[in-house]
Amino acid sequence: MREGFVKRILGIASFVGIFASLYMAFFYAPLDKNLGVVQKIFYIHFPVAIVPYIAFFVVFVTSILYLKTRDGKWSKIAYASVEVGLVIDTALLVTGTIFDKPTWGVWWVWEPRLTTSLIMWLLYAGYLMLHFSVDEIEKRSRLTAVYGIVAFISVPISFMSIRWWRTAHPLLITPKGIALDTPMWVTTLVFLVSMTFLYAYLLRQRVNVINLQEEIQDLKDEVEG
Amino acid sequence: MNYMRHIMALVQKDIVAELRTKEMLNSMVLFVLLTMVVFNFAFGSGSAMEAVSSGLLWVAFMFAAILGLNRVFVHEKDEGCLDGLMLCPMDRSAIYFSKAISNFVFLTLVELIAFPVFTIFFVQKSFLSHLWFLIIILLLSNVGISAVGTLLSAVSINTKARDLMLPILFLPVIVPILVAAVKSTELVLTASAIDVQKFETDMIVWLRTLAIYDIIFVLVGFLTFEYVVEE
């Protein structure tokens, strides 16, 4: 009962939240002086940049928890989080390239932020490859947990890349404050929260599906004796 | 102290086994040389080559490292030797360190042979005054490559795809080492062109990157290896 309730709340919150943020992005936030309407893609670009960090941090933590406790629950969450995180990360790369073309004049620049984001994507794509190339559940959980820990190095590097190196990519959150107008910033924040809800919702659903798959497999094994 | 003795014994075993056949060393050296030749055709010689030469060097070394890393656990796994090692009354991380060290030794040997050939082919300027930096770069990079590579080699040998898996897992993780190694090698090879002050500050940044990366991954390998090999 409670399970279903939390799920429904998350689902409704992300659905309503994303529509509200889209509305705010187009009707509440003012038009950017320099970039004009092109800047609107930023409102989705920023959340889909932050949420993968959260997702991969979840992978990191659950991987450690799995190795410590050997509870299959953790490895399921880790795997589901990689899947959902990677989809959102793909959205990051896509919106990023679309944003680049009108603002920088090219689809892609090999500068630290973009490069580290792409490497992060490749690392977690490798995680999925690893997941699929081991059949035994226990062994698979162990190996992917180790790789989940190793791959996490890319997250702080990607996050810090625009702080460590001079890049073309703009820096929004600085020690001095936030480099955005208040309505723009509020819209971004609402979008970020809604996107996080969507991530949590999808993560839950994915873990449910994995559990059901396992149940079916168990039943099949039982029937086949 | 016993721990060190275990590690050294295992390293000795690996080195003796390799020197009997020289299978891995020979193929790694030849591979590096072939890569240089192929790159030469791909980029043409002359000024274009000079600009990309340090990148070429490290791409060749990286691929050679993958070639070697793929072999690390193959014999152990196929002949059931790994099971024997696991039964030994010693810490599992000793296996990790011994494998990482023998990897480090082989990689360094390959580079010692391949690097002079590289300079003959692609480097016109003299960089002997900065030779020490180059040696530090090579050693630090090899520590990182061996630390990450040994761990991921153990991971990939346990999968269905086996040696297909290693490059996919290893290359994205090793990118920071590759960047730092390429940039610092470039500094050495073009050293005479820029002033000493800038050379030193830049060099320290890259060497520090390599060192931090090494420390992180030696620790990660040490802490997680036992989970990879357990049955």
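Over the Cα atoms of chain A, what is the Rg over Rh ratio if Rh follows Kirkwood?
Values: Rg = 19.6 Å, Rh = 19.1 Å.
So for chain A, dividing Rg by the Kirkwood Rh gives 1.02.
If you plug each phi of the stretch A:99-113 into the Karplus form 6.51 cos²θ - 1.76 cosθ + 1.60 with θ = phi - 60°, what whole-Hz ³J(HN,Hα) values come out, in order, with x for Gly and Pro?
Using θ = phi - 60°, the values come out as 5, 5, 4, x, 8, 9, x, 9, 6, 9, 10, 7, 10, x, 5 Hz.
Could you work out how much longer the chain between B:Leu112 and B:Met4 gets when fully extended? Use 0.36 nm per residue separation minus the Cα distance between them, nm to one decimal.
Details: separation 108, 0.36 × 108 = 38.88 nm, distance 2.63 nm.
Length gained, B:Leu112 through B:Met4: 36.3 nm.
Quickly rank B:101-113, A:89-101, A:25-37 as a protection proxy: mean count of other C-beta atoms within 10 Å, highest first. Numbers along the way, then the final one.
Working: B:101-113: 19.8, A:89-101: 17.2, A:25-37: 12.2.
The densest-packed peptide leads the list: B:101-113, A:89-101, A:25-37.
What whole-number distance in Å separates the alpha-carbon centres of the stretch A:1-71 and the stretch A:79-97?
The stretch A:1-71 and the stretch A:79-97 have Cα centres separated by 11 Å.
Taking 7 Å along the Cα-to-C-beta vector as the label spot, tell me the A:Leu172-A:Thr69 distance in nanometres, rounded to one decimal.
3.3 nm
With a bin width of 10 angstrom, please list the P(r) values of the stretch B:142-231 as percents of all Cα-Cα pairs, from the 0 bin to the one holding the largest distance.
16, 38, 25, 14, 6, 1
I'd like the distance between the alpha-carbon centres of the stretch B:120-169 and the stretch A:109-160, rounded to an integer number of Å.
What the calculation gives is 19 Å, centre to centre.
For peptide A:58-68, compute the average count of partner chain beta-carbon atoms within 10 Å of each residue's beta-carbon. Display every interim value, and only then the final one.
Details: counts 0, 0, 0, 0, 0, 2, 2, 0, 1, 4, 0.
Going residue by residue through A:58-68 and averaging, the value is 1.
Averaged across B:149-160, how many Cβ atoms of other chains sit within 10 Å of each residue's Cβ atom? It would help to have the intermediate numbers written out before the result.
Values: counts 0, 0, 3, 6, 0, 2, 8, 4, 0, 8, 10, 4.
The mean count of partner-chain Cβ atoms within 10 Å per residue comes to 4.
Please give the charge dipole size of the protein assembly as shown, origin at the Cα centre, charges +1 on K and R Cβ atoms and -1 on D and E Cβ atoms. Round to the nearest 20 debye. Don't jump to the answer; show the numbers that get you there.
Details: 34 positive and 36 negative charges, 210 e Å.
Dipole of the protein assembly as shown, to the nearest 20 debye: 1000 debye.
Over chain B, what is the mean sequence separation of C-alpha contacts under 8 Å (at least six apart), divided by residue count, expressed as relative contact order in percent? Intermediate values should be presented prior to the final figure.
On the way: 210 pairs, mean separation 59.2, N = 231.
Across chain B, relative contact order equals 26 percent.
Using the Kirkwood radius over Cα pairs, work out the Stokes-Einstein diffusion coefficient for the stretch A:8-55 at 20 °C and 1.002 mPa s, in µm²/s as a whole number.
Value of D from the Cα-based Kirkwood radius: 178 µm²/s.
Counting only other chains, what is the mean number of Cβ atoms within 10 angstrom of the Cβ of each residue in peptide A:146-153?
Details: counts 12, 8, 0, 4, 13, 3, 1, 8.
The shielding value for this peptide is 6.
If each residue's Cβ is checked for other Cβ atoms within 10 Å, how do B:Phe118, B:Phe97, A:Phe19, A:Phe57 rank with the fewest at the top?
On the way: B:Phe118 19, B:Phe97 24, A:Phe19 11, A:Phe57 15.
Least to most surrounded, the residues fall as A:Phe19, A:Phe57, B:Phe118, B:Phe97.
Find the percent of Cα-Cα distances in the stretch A:82-174 that exceed 17 Å, and round it to a whole number.
Numbers: 2393 of 4278 pairs.
When every Cα pair of the stretch A:82-174 is considered, 56 percent fall beyond 17 Å.
Given B:Ile15, B:Val37, B:Met49, which one lies farthest toward the positive end of the charge dipole of the stretch B:1-52, if we put +1 on the Cβ of every Lys and Arg and -1 on the Cβ of every Asp and Glu?
Working it through, the farthest residue towards the positive pole turns out to be B:Ile15.
Mind checking the dipole of the stretch B:52-162: about its Cα centre, +1 per Lys or Arg Cβ, -1 per Asp or Glu Cβ, Debye to the nearest 20? Each step should come with its number before you reach the end.
Numbers: 7 positive and 6 negative charges, 51 e Å.
Result for the stretch B:52-162 is approximately 240 debye, rounded to the nearest 20.
Note down the nm distance, to one decimal, between modelled labels 7 Å out along Cα→Cβ at B:Arg162 and at A:Thr182.
Placing both labels 7 Å along Cα→Cβ, they lie 6.6 nm apart.
So what are the three principal axis dimensions of chain B from its Cα atoms, in whole Å, longest to shortest?
The principal-axis extents, from largest down, are 57, 35, 29 Å.
222 nm [θ] for chain B, helices only, -39500 (n - 2.57) per DSSP H run of 4+, per residue, to 500? List each step's numbers first, then the result.
Values: 9 runs with 196 residues, N = 231.
About -29500 deg cm²/dmol.
Given N residues in the stretch B:1-132, what is its alpha carbon radius of gyration divided by 2.2 N^0.38 Å?
Numbers: Rg = 18.1 Å, N = 132, 2.2 N^0.38 = 14.1 Å.
This ratio for the stretch B:1-132 stands at 1.29.
What FRET efficiency, computed as 1/(1 + (r/R0)^6) with R0 = 25 Å and r the Cβ-Cβ distance, is obtained for A:Ile98 and A:Val209, rounded to the nearest 0.05?
Step by step, r from the Cβ atoms, then E = 0.25.
Bear in mind that the values in this text are calculations on the coordinates, not laboratory data. Every value quoted in this text rests on a predicted model; they were computed, and no experiment measured them. All Cβ positions, glycine included, derive from the backbone under ideal geometry; neighbour counts span all protein chains shown.
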